[in-house]
């Protein structure tokens, strides 16, 4: 008589949970050279784009891309930090660190956008404003301060997207807006983690600790009310799947434009003012 074989049931292992990214992990992802840059976003978001140049005072800053384009029927001014995709472009654009000429170019064209009733979309991705001597001689601090004042009162809708690094005043100068969107793995901070660690502890190696303390990630900033919406990235990150990331950004930008263009100008500017005044009010 044949023996019956009993099949053993093997317990299935539960799928391993994905490791939660730390703030420092996100800093490294935000800085990844393969993340989409401003020109990638412009190509993927706009059906047409005409770049304009110069501040009409000194020169044309390659770190600030500016021009008019069409996004799903909306004629917009597009502004953005340009880090560059090659070593040559990196050097030419100071790795996305803008000089006063770049901020003045942005304001010049934003005034034109206001005159014609065009919304403004800005892409923020910079380690900070250019710290060179010539930038200081041409009034770097004044240009940033003037830009903050200028954009806060501009009578046209402004959508801001933090796509990579949102570094200090260099980012904030073009990040005053009605809707502040931020990509899932981007960071936005008053200072770099390395700079913070160097000042607080005299030890740049403690940058990961500083990154956690600074609350620079999108979820933390959403809790604090510093941004309005998080744009999800592909599972592997925007640097692994740029096309999907750009598509998500376009969807979020179009949604914001539809919402903002339905608001009366006076209410829009008042709401922007109240948004700025509420920063830092945690109670």
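Here, each number is a calculation from the coordinates, and none is a lab measurement. This is a predicted model, so every value here is computed, not measured. Glycine also receives a Cβ, built like all others from the backbone with ideal geometry; neighbour counts cover every protein chain displayed.
In region 58-131, the inverse of the mean reciprocal separation of distinct Cα atoms equals 12.6 Å; this is its Kirkwood hydrodynamic radius.
Could you give the angle, 0 to 90 degrees to the nearest 10, between helix 100-115's Cα long axis and the longest principal axis of the Cα atoms of the chain? Here the helix axis deviates by roughly 80 degrees. Of the residues 76, 46, the one with the fewest other Cβ atoms within 10 Å heads the list, and the complete ranking is 46, 76. Region 138-172 and region 227-273 have Cα centres spaced 17 Å apart.
Relative to the longest principal axis of the Cα atoms of the chain, the long axis of helix 242-260 lies at roughly 50 degrees.
For region 110-268, the normalised intensity computed at q = 0.08 Å⁻¹ comes to -0.26 (log10 of I(q)/I(0), Debye sum over alpha carbons, equal scatterers, no solvent). Relative to the longest principal axis of the Cα atoms of the chain, helix 265-278 runs at roughly 60 degrees. Annotation: the antiparallel percentage among DSSP beta bridges lying fully within region 23-277 is about 40. With the highest mean first, a sort of the peptides 67-74, 35-42, 158-165 on other beta-carbon atoms found within 10 angstrom per residue produces 158-165, 35-42, 67-74. Can you show me the helix-derived [θ] at 222 nm for the chain, built from DSSP H runs with n ≥ 4 at -39,500 (n - 2.57) apiece and divided by the number of residues, rounded to the nearest 500. One gets -12000 deg cm²/dmol as the mean residue ellipticity at 222 nm. Between residue 273 and residue 115, the FRET efficiency estimated from the beta carbon spacing at R0 = 22 angstrom works out to 0.60.
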